[in-house]
1. Of the listed values (i) 1.41; (ii) 1.13; (iii) 2.19, grab the one calculated as Cα Rg over 2.2 N^0.38 Å from the structure here.
2. Tell me the angle of helix 80-93 to the major Cα principal axis of the chain, expressed in degrees between 0 and 90 and rounded to the nearest ten.
3. Would you calculate, for the chain, the mean residue ellipticity at 222 nm contributed by helices, counting each DSSP H stretch of 4 or more residues as -39,500 (n - 2.57) and dividing by all residues, to the nearest 500?
4. Stretch residue 41-residue 8 to full length: gain in nm at 0.36 nm per residue minus the Cα-Cα span?
């Protein structure tokens, strides 16, 4: 069994022996304040990565706009693309743009 673990930066860590692991596990089991999570509980601890799934995926669109327009949109802050989408939707719904 491997007794040391070498990290990428060259440091070495000494791993617990099976006997030490058994003592640690026994100590944890005797502690009344300890709770061993179930698999379902562990699943809740896992961080969700990326965007949440959506019912309808919006296609990516690439358009060319004047630099000052792009700068003004980005300067409006976080969520500017969502606001542009809302403005375009409003224009389509009002009949100013034909879908």
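1. Matching entry in (i) 1.41; (ii) 1.13; (iii) 2.19: (iii).
2. Between helix and principal axis, roughly 40 degrees.
3. About -13000 deg cm²/dmol.
4. Extra length from residue 41 to residue 8 when fully extended: 8.7 nm.
Every read-out reported here was derived from the displayed coordinates using simple, explicitly stated rules and does not represent laboratory data. Note that the coordinates shown come from a computational prediction; the quantities given were computed from them, not determined experimentally.
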